[in-house]
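Structure first, then comments.
The values are calculated or read from the model by the stated rules, or taken from the named source; none is laboratory data. Everything quoted here is computed from the prediction, not taken from an experiment. Cβ placement follows ideal geometry from the backbone for every residue including glycine, while neighbour counts extend to all protein chains displayed.
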Amino acid sequence: MSFTYDPSLPGISVFEMGWRHFKTALMVSFALFIAALLFMGEAHFRLTARVVCPPGAQLIYEETTDSEGDTSLSGYCQAPGEQPQEKTLEFLLAIYGLYTLAAFAALFSAGTIIRVIRKLQKGDG
C-alpha cells in the first residue's frame with residue numbers, strides 16, 4: 001500500500017480545495033511559527049515591525065530568561081517622546097499570519113496548477 005498526496009484534490013470544487021488547503025496551512029504554519037521563534041525570534045519581530053508599529057515608532061525587542069531557564073519574547077513600539085507600548089500579541093499574530101499565508105499560497109498554487117494541467121490533458125485526449 002502506498003500513500004500519495006494529491007494537492008489538486010480531484011472530485012471536489014475549487015472552494016472545497018481552498019478550504020482544505022487553508023486548514024492544512026493553519027496546522028503547518030503553527031509548526032513553522034514555533035520553530036521560527038525558537039531560532040530567529042528577533043529577526044521575525046523586526047520583519048513585522050512595519051506592520052505592527054505605527055509610523056515613526058521604533059521596535060524594542062526583549063528576550064528574557066528567568067531563573068528556571070524559560071525564555072520569553074516581548075515586543076514594544078516606541079514613538080519619539082512617548083512611553084513604549086507593548087505589542088507582543090500583535091507581533092506574534094502577524095508572524096503567524098505571514099506563515100499561514102505562505103503555506104496556503106504554496107498549497108493552493110500547487111493544487112490549482114495540477115488541476116489546470118489535468119483539465120488541459122483531458123481536453124487534448
Would you call Glu90 acidic (Asp, Glu) and in contact with a Cys (Cβ under 9 Å, 6 or more places away or on another chain)? yes
Considering only residues that are free of Cβ contacts under 8 Å to residues at least 40 places away in the same chain and hydroxyl-bearing (Ser, Thr, Tyr), look in region 48-73 and name the one that is surrounded by the fewest Cβ atoms within 10 Å (Cβ to Cβ). Ser67
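From Ala25, Ala110, Ala103, which residue is at negative phi, out of contact with any helix residue (DSSP H, G or I) (no Cβ under 8 Å at 6 or more places or on another chain) and modelled with pLDDT of 85 or more?
After applying the criteria, what remains is Ala110.
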Just checking, does region 25-44 include any residue being in a helix (DSSP H, G or I), among the acidic types (Asp, Glu) and either more than 15 Å from the chain's Cα centre (by Cα) or under 27 Å from Ala103 (Cα atoms) (or both)? yes
In region 70-114, the residues that are outside any helix (DSSP H, G or I), in contact with a Gly (Cβ under 7 Å, 6 or more places away or on another chain) and among the β-branched types (Val, Ile, Thr): none
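Please go through region 7-24 and give me each residue that is in contact (Cβ under 8 Å) with a residue 24 or more places away in the chain and not in a helix (DSSP H, G or I), ordered by number. Don't jump to the end; show me each part of the working.
Going through region 7-24, the residues in contact (Cβ under 8 Å) with a residue 24 or more places away in the chain turn out to be 7-10, 14, 17-18, 21-22, 24.
The answer is Pro7, Ser8, Leu9, Pro10.
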For residues in region 78-125 being of a type in the set (S, T, N, Q) and touching a residue at least 60 places away in the same chain (Cβ under 8 Å), which is farthest from Leu59 (Cα to Cα)? Thr112
Odd one out for Gly56, checked against (1) out of contact with any strand residue (DSSP E or B) (no Cβ under 6 Å at 6 or more places or on another chain); (2) of a type outside the set (Lys, Arg); (3) in a helix (DSSP H, G or I): (3)
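Is it the case, given these coordinates, that Leu89 is surrounded by fewer than 16 Cβ atoms within 10 Å (Cβ to Cβ) and not polar (S, T, N, Q)? Give the steps one after another, and end with the answer.
Numbers: surrounded by fewer than 16 Cβ atoms within 10 Å (Cβ to Cβ): yes; not polar (S, T, N, Q): yes.
Considered against the rule, which asks whether it is surrounded by fewer than 16 Cβ atoms within 10 Å (Cβ to Cβ) and not polar (S, T, N, Q), Leu89 comes out as yes.
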